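The values are calculated or read from the model by the stated rules, or taken from the named source; none is laboratory data. Every value quoted in this text rests on a predicted model; they were computed, and no experiment measured them. Note that each Cβ is placed from the backbone with ideal geometry, even for glycine, and that neighbours are counted across all protein chains shown. In case anyone asks, the SASA skips ligands and DNA or RNA and just uses the protein heavy atoms, side chains included. Shrake-Rupley method; radii C 1.70, N 1.55, O 1.52, S 1.80 Å.
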Amino acid sequence: MKNTKVFCIIVTYNAEPWIEKCLSTLVEDHLDLKIIVVDNASKDNTLAIIRSQFPEVEVVESKENLGFGKANNLGYKMAVERDADYVYLLNQDTISYPNNIGKLLNIWQKTTEPIAILSPMHLNEKGDKLDSKFEQYLAPKQCPDIVSDLSLSKVKDYYIVDFVNAAAWLVDVKAVKNIGGLFSKVFYHYGEDRNFIQRLQYFGYKVAVAPSVFIHHCRDERAGKFSKKFEQKRLEIRARVLMHDINNSYKQCLIEVWKEAFMEYLKLNIVSGFRLIFYPAINGFSIIKIREDLKRKIVD
């Protein structure tokens, strides 16, 4: 593990409330961890805090908001150019525990499955319970055995899960290279992590969580607080995720979009249903091309 090259990539945007705790708790005693922050044109004191308190952190200052996916891709490219073995994608609003990455690497060495992502457990900001959204990923159908094993004190080192959001991902660079790259350009912000996992699964890789490693995801106070503009985009993002799932045929994806639109119509959300159907109706040819590119491991 001593010779393992790990780069932590943190994308920031107006991260002043969280960045000090995020970086100060990112402590590794047995790794020469390199940290790259890609800042998406923050308007607050994010960069000043990093440069004054964390001079060892490499900062890439974008003049525009690249979005979560493209900014992470930029950091990933820098890490790969320096021969990274793993990248650790970490949200700006997280709090870590000492040697989290080292613990994840130790667990990874015990795995016998083609794992591409290993994630710690996500606690809420106080740390007194699991993050509410993360908890949903541990449902029996999505993460078999974990609830039973935790209840009976038979906890394993890791558990395969269908999905876990990209708040704290340790990612195998070899796996990323083998599927053509990190995040798809189709996704600006939100949806890129789910699409990336779909692509990994298409090529036979798995995603896992480690029940003995933890982070705090400090998003409680923002729960459910989305702008009106984002709410309007939310359904289009959902349609993008569904339509670019290469594990299903184009026809199957289209049927799933129609199903969700129909449910919106039943709730008398006519405009919402229209938004779902509108995306594949207008972008059908480009969706088909991008899907074929993803299957050929072409991401950019």
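Listing for the model above:
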| item | result |
| --- | --- |
| Residue pairs meeting the criteria (Cβ under 7 Å; at least 6 apart or on separate chains; first closer than 14 Å to Ile117 by Cα, in region 76-91; second in a helix (DSSP H, G or I)) | Asp85/Val173; Tyr86/Val173; Val87/Tyr76; Val87/Ala79; Val87/Val173; Tyr88/Ile101; Leu89/Asn72 |
| Filter result for Glu61 (on the phi < 0 side of the Ramachandran plot, touching a helix residue (DSSP H, G or I) at 6+ places or on another chain (Cβ under 7 Å), modelled with pLDDT of 95 or more and surrounded by 16 or more Cβ atoms within 10 Å (Cβ to Cβ)) | no |
| Any hit, region 96-110, residues being modelled with pLDDT under 95 and open to solvent by 10 Å² or more (accessible area, probe 1.4 Å) | yes |
| Val164 vs. criteria farther than 14 Å from Pro120 by Cβ and modelled with pLDDT of 95 or more | no |
| Val60 without any contact (Cβ under 8 Å) to a residue 40 or more places away in the chain and of a type in the set (A, V, I, L, M, F, W, C) | yes |
| Subset tally (residues that are loosely packed, with under 13 Cβ neighbours inside 10 Å, at pLDDT 95 or above and within 18 Å of His122 (Cα to Cα)) for region 195-239 | 0 |
| Enumeration of residues in region 25-46 that are open to solvent by less than 50 Å² (accessible area, probe 1.4 Å) and within 28 Å of Asn106 (Cα to Cα) | Thr25, Leu26, Glu28, Leu31, Leu33, Ile35, Ile36, Val37, Val38 |
| Region 111-134, residues that are within 14 Å of Tyr159 (Cα to Cα) and at pLDDT below 95 | Thr111, Thr112 |
| Lone unmet requirement of (1) in contact with an Asp or Glu (Cβ under 7 Å, 6 or more places away or on another chain); (2) on the phi < 0 side of the Ramachandran plot; (3) at pLDDT 95 or above for Lys185 | (3) |
| Within region 64-95, tally of residues that are over 17 Å from Phe183 (Cβ atoms) and surrounded by 23 or more Cβ atoms within 10 Å (Cβ to Cβ) | 1 |
| Matching residues, region 31-61, being small (Gly, Ala, Ser) and in a loop (DSSP other than H, G, I, E, B) | Ala41, Ser42 |
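Per-residue answers, yes or no, for (1) closer than 18 Å to Gly69 by Cβ; (2) at pLDDT below 95:
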| site | (1), (2) |
| --- | --- |
| Val241 | yes, no |
| Asp245 | yes, no |
| Lys251 | no, no |
| Tyr265 | no, yes |
| Phe278 | no, yes |
| Lys289 | no, no |
